[in-house]
Amino acid sequence: MLNIIYWNCAGGAKNKLDEIKRLIGQTSADLFFVGEAEVTPNSSPFLNITGYELLLAPTEKLGKARVACYIKDCLRGLFTLKGNHVYEDLIYLESQQLNVVGLYQLPLGLGAAR
């Protein structure tokens, strides 16, 4: 059984990295999604956690990813990261038995402006 966690860190993953590490350890998370991650291309190298790969929403290419996902290294080969549109703050993982989506919902009215 997979242990999948989604946490809205409210303040950016870089500022909450110790808390993320603690929560991953306490929950034995296989997939740990972080909402309001606010990961920029410059900050992503500092967010590595041993034993996990960090996946980012494609909006990182536009300046910051609002959602991130830590996936256990041993599970990475089981999931395919689907090609998300660069304007979407989501991570879509697909496998033969399970599809998992981590999504950051923009405040009402902002989605149409993009």
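Under 5 Å between amide H atoms, partner at least 5 residues away or on a different chain: which partners does TYR52 have, H built in plane at 1.01 Å?
Counting only residues 5 or more places away or on other chains, the set is ASP73.
Beta carbons within 10 angstrom, averaged per residue: use that to sort the peptides 60-73, 38-51, 89-102, highest first.
Order by mean packing, descending: 60-73, 89-102, 38-51.
Can you tell me how much longer the chain between ILE49 and GLN96 gets when fully stretched, taken as 0.36 nm per residue apart minus their C-alpha distance, in nm with one decimal?
Full extension from ILE49 to GLN96 adds 14.3 nm.
Which FRET efficiency value, to the nearest 0.05, is calculated for LEU62 and ILE5 with the Förster distance at 25 angstrom and r the Cβ-Cβ distance?
0.45
In sequence order, what are the phi-derived ³J(HN,Hα) couplings for the stretch 32-43 according to the Karplus relation 6.51 cos²θ - 1.76 cosθ + 1.60 with θ = phi - 60°, rounded to whole Hz, with x for glycine and proline?
10, 8, 10, x, 6, 5, 6, 8, 9, x, 6, 8
For the stretch 8-16, in order, what is each residue's ³J(HN,Hα) by Karplus, 6.51 cos²θ - 1.76 cosθ + 1.60 with θ = phi - 60°, in whole Hz (x at glycine and Pro)?
So the J values, rounded to whole Hz, are 8, 7, 6, x, x, 5, 4, 6, 10.
When Cα extents along the principal axes in Å is calculated directly from the model, which label among (i) 45, 29, 19; (ii) 35, 33, 25; (iii) 39, 33, 23 fits?
Among (i) 45, 29, 19; (ii) 35, 33, 25; (iii) 39, 33, 23, the one calculated here is (iii).
Obtain the nm distance between the two label points defined at THR40 and LYS82 by a simple spin-label model: each point lies 7 Å from its Cα along the Cα-to-C-beta direction.
So the label points at THR40 and LYS82 sit 3.1 nm apart.
Counting alpha carbon pairs within less than 8 Å and at least 6 residues apart, what relative contact order, in whole percent, applies to the chain?
21
None of the figures in this text is laboratory data; all of them are computed from the coordinates on show. Model, not experiment: these values are computed from the prediction. Quick reminder, even Gly has a Cβ in these numbers, built from the backbone with ideal geometry, and neighbours come from all protein chains shown.
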